[in-house]
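A.B. asks: Dropping the structure in here first, questions after.
Just so you know, all these numbers are worked out from the coordinates, no wet-lab data involved. This is a predicted model, so every value here is computed, not measured. Cβ placement follows ideal geometry from the backbone for every residue including glycine, while neighbour counts extend to all protein chains displayed.
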Amino acid sequence: MGQTTTHRITVCTSCRHKGRDCRPGYELIARLRKAIEAAGDAVSEDFEISGVACMAGCDRPCTVAYHGTRKATYLFGDIEADSDIDDLVAFARQYAVLGDGWCSSVDRPSRLRKSTLARVPAAIIAMEDTTERAS
């Protein structure tokens, strides 16, 4: 029986750099898949990488999200396929071992510290917290 991934990296495929027709998401997906595979450790087995038509980060292309079961989701913007691959792989390694996905901006790889657009708590945590407050 094959192992199922517990983490996902999603890349916007409709982001465009202003004034240009290029859609860097497709190139970023290809480079990220290659880099994760080359990492040669558990991170390559634990992450699925896919594209999505839009993540509403149009002013900060290219946008990339990290999601995990019962973990906070991160959305990063201004990601460049040429220069940010190492930081994206480093964050995948970091994110994989974070129990709830939560980390401070100073703990993230250098380029991702300033390119964080959102950190969204896991839905299950948000619901549990809401239930506790309602009681």
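A.B. asks: Non-local amide H neighbours of A118 (under 5 Å, H modeled in plane, Pro and chain starts lacking H): which ones?
C.D. replies: Answer set, sorted by chain and number: L75.
A.B. asks: Can you give the net charge of the other residues whose Cβ lies under 11 Å from the Cβ of L75, counting K and R as +1 and D and E as -1?
C.D. replies: Computed value for this residue: +2.
A.B. asks: Using DSSP to define loop residues, name the trypsin sites (Lys or Arg not before Pro) in segment 23-83 whose beta-carbon has at most 16 other beta-carbon atoms within 10 Å.
C.D. replies: Loop-located and lightly packed - R70.
A.B. asks: Give me, ordered by chain and number, the residues 5 or more places off E48 or on other chains with an amide H under 5 Å from its own placed amide H.
C.D. replies: H7, R8, I9
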